[in-house]
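Asks: So that we are looking at the same thing, I have put the structure below in structure tokens.
The values are calculated or read from the model by the stated rules, or taken from the named source; none is laboratory data. Here the structure is a predicted model, which means the values were calculated and not measured. Note that each Cβ is placed from the backbone with ideal geometry, even for glycine, and that neighbours are counted across all protein chains shown. Keep in mind that these areas ignore ligands, DNA and RNA; they rest on the heavy atoms of the full protein, side chains included. Shrake-Rupley method; radii C 1.70, N 1.55, O 1.52, S 1.80 Å.
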Amino acid sequence: GRGTYLRQNAEGGSGESLAFVSGFLGARRSIYSGTQLNIELARGDRAPNLSERYFRGTTGRGAVLGNPQLDRETATSLDVGLIWEWQSLNLELHSFYMEIDDFIERVEVAPETLSFQNLSSGEIYGADLVVDWQLTERWLFSTSGQYQNSEDDNGHQIQDVSSNSVALGLRYQHAAWLGQLDYQYR
């Protein structure tokens with residue numbers, strides 16, 4: 001668990017104080033030789049940052065107007081994973097679900113003018129896979145993939161959620177030297 005106290009002030013404006021507690025609980029159980037089941041439950045908050053609340057100015061995306069009325073985000077998440085290890089092969093498969101209340105989203109309030117608002121709620125869900133294969137003592141091949149989707153109360157996709165991706169990697173290690181080549185498709 002973690003407790004947080006935050007105070008934000010803007011010059012010429014009123015300040016804001018927030019206090020909240022976040023928590024995490026996880027369990028891992030061996031279900032048979034080389035295979036483990038992992039379950040994690042978490043609840044946390046995110047305070048709006050200073051830019052989301054108070055920034056007023058021009059950026060590469062246009063004009064930005066902070067919103068001092070933003071509430072903090074609250075999220076509850078569940079992750080269920082299966083971890084399998086066999087000789088030189090390791091595999092991890094996870095599925096996850098997150099419910100978010102008061103999600104802070106960037107919105108266009110006028111042509112080329114952005115601000116921020118709280119969504120009433122939304123959800124993010126998906127799965128990810130990681131496979132590591134130790135080819136030799138010095139060579140490791142890895143691949144991973146992530147699928148993620150989201151939806152707010154109105155059935156629209158939530159902005160700024162990570163895109164789906166697939167990655168391949170090859171690593172060579174000798175003594176203190178490490179060389180790595182990665183390819184990622186998003």
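Asks: Of the residues 108, 112, 137, which is at pLDDT below 95, within 30 Å of residue 32 (Cα to Cα) and loosely packed, with under 15 Cβ neighbours inside 10 Å?
Replies: Residue meeting the stated conditions: 137.
Asks: With 31, 39 as the choices, which residue is out of contact with any Phe, Trp or Tyr (no Cβ under 9 Å at 6 or more places or on another chain), without any contact (Cβ under 8 Å) to a residue 24 or more places away in the chain and exposed (fewer than 14 other Cβ atoms within 10 Å of the Cβ)?
Replies: 31
Asks: Follow-up. Determine whether residue 7 is closer than 26 Å to residue 144 by Cβ and free of Cβ contacts under 8 Å to residues at least 12 places away in the same chain.
Replies: No, not satisfied.
Asks: Give just the number: which of (1) more than 25 Å from residue 96 (Cα to Cα); (2) in contact with a strand residue (DSSP E or B) (Cβ under 8 Å, 6 or more places away or on another chain); (3) open to solvent by 60 Å² or more (accessible area, probe 1.4 Å) does residue 6 not satisfy?
Replies: (3)
Asks: Sticking with this structure for a sec: Picking from 66, 122, 62, which residue would you name as being in contact with a helix residue (DSSP H, G or I) (Cβ under 6 Å, 6 or more places away or on another chain) and over 20 Å from residue 167 (Cα atoms)?
Replies: Answer to the selection: 66.
Asks: Can you tell me which residue is farthest from residue 15 (Cα to Cα) among those in region 42-70 that are exposed (fewer than 14 other Cβ atoms within 10 Å of the Cβ) and of a type in the set (D, E, K, R)?
Replies: 61
Asks: Still on this structure, please answer the following. Quick check: anything in region 117-125 touching a Phe, Trp or Tyr at 6+ places or on another chain (Cβ under 8 Å), of a type in the set (Gly, Ala, Ser) and either open to solvent by less than 60 Å² (accessible area, probe 1.4 Å) or free of Cβ contacts under 8 Å to residues at least 60 places away in the same chain (or both)?
Replies: Scanning region 117-125, I find at least one residue that is touching a Phe, Trp or Tyr at 6+ places or on another chain (Cβ under 8 Å), of a type in the set (Gly, Ala, Ser) and either open to solvent by less than 60 Å² (accessible area, probe 1.4 Å) or free of Cβ contacts under 8 Å to residues at least 60 places away in the same chain (or both), so the answer is yes.
Asks: When the residues of region 10-27 are filtered to those that are in contact (Cβ under 8 Å) with a residue 40 or more places away in the chain and surrounded by 10 or more Cβ atoms within 10 Å (Cβ to Cβ), which remaining residue is farthest from residue 100 (Cα to Cα)?
Replies: In this case the residue turns out to be 13.
Asks: Filter region 105-133 for residues that are among the hydrophobic types (A, V, I, L, M, F, W, C) and more than 14 Å from the chain's Cα centre (by Cα) and give the result.
Replies: 107, 109, 110, 114, 116, 119, 129, 130, 131, 133
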